[in-house]
Amino acid sequence: MSDTDRTGSGLRRRLSCLAVVGAGLALVAGGFVWLFQDELFHPFGDTRACEGSDTRLPGMISAGGVPLPADASDIHYFTRKGLAQISFLSDQMPDYLHRAGLVPEGEPPLDGENHGSPYALGEDESELPEGLCGPALKGPAWSYQSTGPSPSVDITIERSAITDETFRAPARVLASFDIAEEAPSPGR
């Protein structure tokens, strides 16, 4: 056997070993990407944060100085230049509105004369603010704006399509607030 044949077969062996090692490394890297995809593809490694957010919100989010309802789920947020928009689902909105000071205790939350007002979103229409990810808010909806001292919060909640006196169960909620006004609070 000539030296050229030995060199050629040795080179082929090395290349095939290199290909096997490369494929193994690619498989391991792919496994890590799959395993940690939520942390790799969301801002701050937070699955609740929408792409483009510039500030991480704490694990226990408070909107308007009040922790989100205990049953809040499907939470998404977008932050930009000191403002935050949060979307979540909850069955506990009347209690949340009372705790946030938007509706006095014992009063109906869907009272257009005293608390909140209809939001310009008709039935079967939906809206998702620019930058916010996740499911859209569906009409009809009701809107509340705090008018008292800070922290301030604007909240829009899906109203029942059947009756004007209740929220959906669970209701999709959009809350907007100034991050700088938020004080750390215990709770959710």
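The values are calculated or read from the model by the stated rules, or taken from the named source; none is laboratory data. These numbers were taken from a predicted model, which means no experiment stands behind them. Note that we place each Cβ from the backbone using ideal geometry, even for glycine, and neighbour counts take in every protein chain shown. In case anyone asks, the SASA skips ligands and DNA or RNA and just uses the protein heavy atoms, side chains included. Shrake-Rupley method; radii C 1.70, N 1.55, O 1.52, S 1.80 Å.
Order of 157-163, 139-145 by packing, highest average Cβ count within 10 Å first? Numbers along the way, then the final one.
Working: 157-163: 16.9, 139-145: 19.6.
Per-residue mean Cβ counts within 10 Å order the peptides as 139-145, 157-163.
The length gained by stretching the chain between residue 115 and residue 74 to full extension, at 0.36 nm per residue less their Cα-Cα distance, is 12.1 nm. Residues in the stretch 63-175 average 49 Å² of solvent-accessible surface per residue, probe 1.4 Å, ligands and nucleic acids excluded. Label sites at residue 126 and residue 178, each approximated as a point 7 angstrom past Cα along Cα to Cβ, lie 3.3 nm apart. In a fully extended conformation the segment linking residue 162 and residue 92 would gain 23.3 nm over its present Cα-Cα distance, using 0.36 nm per residue. Listed values for the stretch 166-172 are Karplus-derived 3J(HN,Hα) couplings in whole Hz (6.51 cos²θ - 1.76 cosθ + 1.60, θ = phi - 60°), namely 9, 8, 5, 10, x, 9, 7, and x replaces Gly and Pro. Averaging over all projection directions, the Cα-based convex hull of the stretch 38-155 occupies 7.9 nm² in the image plane. Peptides 47-55, 111-119, 82-90 ranked from most to least packed by the mean count of surrounding Cβ atoms within 10 Å: 82-90, 47-55, 111-119.
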